[in-house]
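Peer 1: Below: one structure in structure tokens.
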Amino acid sequence: MRALVTGAAGFLGSHLCDRLRRDGVEVLGIDNLDTGRRVNIAHLAGDAGFRFLEHDITQALSPAEVGPLDVIFNLACPASPFAYQRDPLFTLDTNYIGTRNLLELARDIGAVILQASTSEVYGDPTIHPQVESYWGNVNCFGTRSCYDEGKRVAETLMLEYGRRYGLRVKVVRIFNTYGPRMDPEDGRVVSSFIVQAVRGEPITVFGDGSQTRSLCYVDDLIDGLVRMAASEPDFIGPVNLGNPTELTVLETARIIKEMTGSSSPIVFKDLPQDDPMKRKPDISVAESRLGWRPQIPFADGATRTIEHFRDVVE
Ligand code: NAD
Ligand code: UDP
């Protein structure tokens, strides 16, 4: 078994590479190191079953460059609002041109291809919890749209390549995931709050903190990706992967402050444009089609993540 993981030096990609290697899968990891970091995959350097190629997916890859593949996991894309808004055209290109390049590669090689989509395709949802059949409520003219619309068109590309060429495509919609190896500086909620708490800096809650997120620990999420890749050929998704336990952002800040024993004050800042007010996955499709549901409660996942950040930030 041989897999290509794009976004391999990122948070989720590096954990996926680890899991695949534990499962005995040979892995080619690709990353342009835009938001990814070599340190995330440094431990795989001496592993003969892992190869890394620095490459941007907006440039086509030939079958000769990658060798035979059974499956492609497309995780390459800046993922935090701060990162994907830094160069919105690059975010769009990564999602359209990049995904299309990988679909062409999958077609040439005859590999299954799995696309890491996102709960952001639902935008600021008007139904709760979000089911896969919901079409979403996305502002196509706002600061988040480079990501939301990019991910939406990437789903459409997957669908159309499946229809036209009979390609085995799979789409997962990932809800907020946290854990070790998140970039401490990319502004995502769990990593930011932990880093701020550990450093004794103010914990920055945007808005009044009443908006909700459902936070999934990384090991659970990766297990969902692997199950989806191995699912029945006729199952293309989309399938929600996330932990349905919902917390307000203010509750999250208070829990992290208490767990870290931090004296940091909680401060309130402006809510970013189009910040979704609530988000919670309905995971009944993942349960029935993949036999998947998250196993790690927030208290356990947060403990592991706090331990990690205590080691890497001062
Ligand atoms: P991340 O930023 O840590 O990882 C993304 C990786 O992709 C980085 O290593 C980056 O350098 C690489 N990359 C970006 N553009 C590229 C390009 N054009 N060519 C090659 N490499 C490129 O983010 P993450 O949290 O690990 O997210 C991984 C994937 O999962 C993303 O596609 C993201 O949209 C999706 N996702 C993540 C979450 C989450 O909560 N972590 C939620 C929903 C969706
Ligand atoms: N958030 C916050 N303070 C921070 C970072 C994020 O209050 O320092 C809020 C943000 O406004 C959003 C939620 O936490 O409501 C999740 O933000 P994140 O960037 O992690 O993910 P996304 O908005 O993509 O769900």
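Peer 1: Taking the condition touching a residue at least 60 places away in the same chain (Cβ under 8 Å), buried (at least 16 other Cβ atoms within 10 Å of the Cβ), of a type outside the set (A, V, I, L, M) and within 30 Å of Gly142 (Cβ to Cβ), does Lys280 pass? Can you show your working first?
Peer 2: Details: touching a residue at least 60 places away in the same chain (Cβ under 8 Å): yes; buried (at least 16 other Cβ atoms within 10 Å of the Cβ): yes; of a type outside the set (A, V, I, L, M): yes; within 30 Å of Gly142 (Cβ to Cβ): yes.
Yes, satisfied.
Peer 1: Quickly run through the stretch 258-273 and pick out the residues that are open to solvent by less than 60 Å² (accessible area, probe 1.4 Å) and either of a type in the set (S, T, N, Q) or more than 8 Å from ligand 2 (Cβ to nearest atom) (or both).
Peer 2: Thr260, Ser262, Ser264, Ile266, Val267
Peer 1: Pick from the stretch 208-230 the residues that are open to solvent by 20 Å² or more (accessible area, probe 1.4 Å) and assigned to a loop (DSSP other than H, G, I, E, B): which of them is nearest to ligand 1 (Cβ to nearest atom)?
Peer 2: Ala230
Peer 1: Among the residues of the stretch 231-257, what is the count of those that are under 20 Å from Val190 (Cβ atoms) and open to solvent by less than 40 Å² (accessible area, probe 1.4 Å)? Break it down into steps so the answer makes sense when it comes.
Peer 2: First, pick out the residues of the stretch 231-257 that are under 20 Å from Val190 (Cβ atoms): 240-257.
Among the residues that remain, those that are also open to solvent by less than 40 Å² (accessible area, probe 1.4 Å) are: 240-244, 247-250, 252-253, 256.
So the answer is 12.
Peer 1: Another question, then. Return yes or no: is Val39 among the hydrophobic types (A, V, I, L, M, F, W, C) and open to solvent by 40 Å² or more (accessible area, probe 1.4 Å)? If you could, list the steps in order and put the result at the bottom.
Peer 2: Values: among the hydrophobic types (A, V, I, L, M, F, W, C): yes; open to solvent by 40 Å² or more (accessible area, probe 1.4 Å): yes.
Criteria met by Val39.
Peer 1: Of the conditions (1) within 30 Å of Ser262 (Cα to Cα); (2) open to solvent by less than 50 Å² (accessible area, probe 1.4 Å); (3) of a type outside the set (D, E, K, R); (4) within 13 Å of ligand 2 (Cβ to nearest atom), Gly123 fails just one. Which one is it?
Peer 2: The number of the failed condition is (1).
Peer 1: Sticking with this structure for a sec: Quick one: what pairs do we get from the stretch 20-42, first residue small (Gly, Ala, Ser), second modelled with pLDDT of 95 or more, C-beta under 6 Å, 6+ apart or different chains?
Peer 2: From residues that are small (Gly, Ala, Ser), the pairs are Gly29/Val5; Gly29/Ala8; Gly29/Cys17; Gly29/Phe52; Gly36/Ala9; Gly36/Gly10.
The values are calculated or read from the model by the stated rules, or taken from the named source; none is laboratory data. Just so it is clear, the structure is predicted and the values come from calculations on it, not from any experiment. Cβ atoms come from the backbone with ideal geometry, glycine included; neighbour counts cover every protein chain shown. We work out accessible area using only protein heavy atoms, side chains counted, and drop any ligands, DNA or RNA first. Shrake-Rupley method; radii C 1.70, N 1.55, O 1.52, S 1.80 Å.
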